[in-house]
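The values are calculated or read from the model by the stated rules, or taken from the named source; none is laboratory data. All figures in this text were calculated on a predicted structure; none of them were measured in a lab. In this analysis, Cβ positions are derived from the backbone assuming ideal geometry, glycine residues included, and neighbour counts consider all displayed protein chains.
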Amino acid sequence: MLAFLLVLFGVSIPPVLGHGLSLLGQASGGVALFASGIMLAAYKIKIDWIVLLLVLLKNVIQPALVLGGLLWLGYGAPIRAEAVLTTAIPTMPIVIVLAVQYHVSEARSSSALFLSLIGSIFTMAGFIALTR
């Protein structure tokens, strides 16, 4: 929220601080993937109806709703394709980190991340074809 307000009011941060934050931001993706790999290795993949529902919601329903909404509002390329494909990206690794931190559904979140990643090969291909 603070970053949004800073940008909104045109406040610029000192270059030294900006450079440090930029380095931190560039490293966070790799660290998240590393942590996700550890969590996926630590928990056995269990497929149940809740995991399947989570993957269906994230990989199919969410991008389909965005596609339908943007078609209904009259948006065209490239905004429609970019928005739909952005929402079709598989579950983010931060889900596992938060699940482990708060001790809530660790195995289920690992399973959902794994299936979402595998399923996204097909669902993203489908949404790419639909938005062309």
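Things to note:
- Leu21 meets all of the listed conditions (1) in contact (Cβ under 8 Å) with a residue 40 or more places away in the chain; (2) farther than 30 Å from Arg132 by Cβ; (3) in a helix (DSSP H, G or I) but one, namely (1).
- Tallying residues that are within 18 Å of Ser120 (Cα to Cα) and either at pLDDT 95 or above or of a type outside the set (A, V, I, L, M) (or both) within segment 35-45 yields 2.
- Within segment 72-88, considering residues that are of a type in the set (A, V, I, L, M, F, W, C) and surrounded by 15 or more Cβ atoms within 10 Å (Cβ to Cβ), the one nearest to the chain's Cα centre (by Cα): Ala88
- Residues of segment 110-123 that are free of Cβ contacts under 8 Å to residues at least 60 places away in the same chain and under 13 Å from the mean Cα position of the chain (by Cα): Leu117 alone.
- Taken over segment 80-108, the criterion of being over 17 Å from Gln62 (Cβ atoms) and part of a helix (DSSP H, G or I) is satisfied by Ile96, Val97, Leu98, Ala99, Val100, Gln101, Tyr102, Glu106, Ala107, Arg108.
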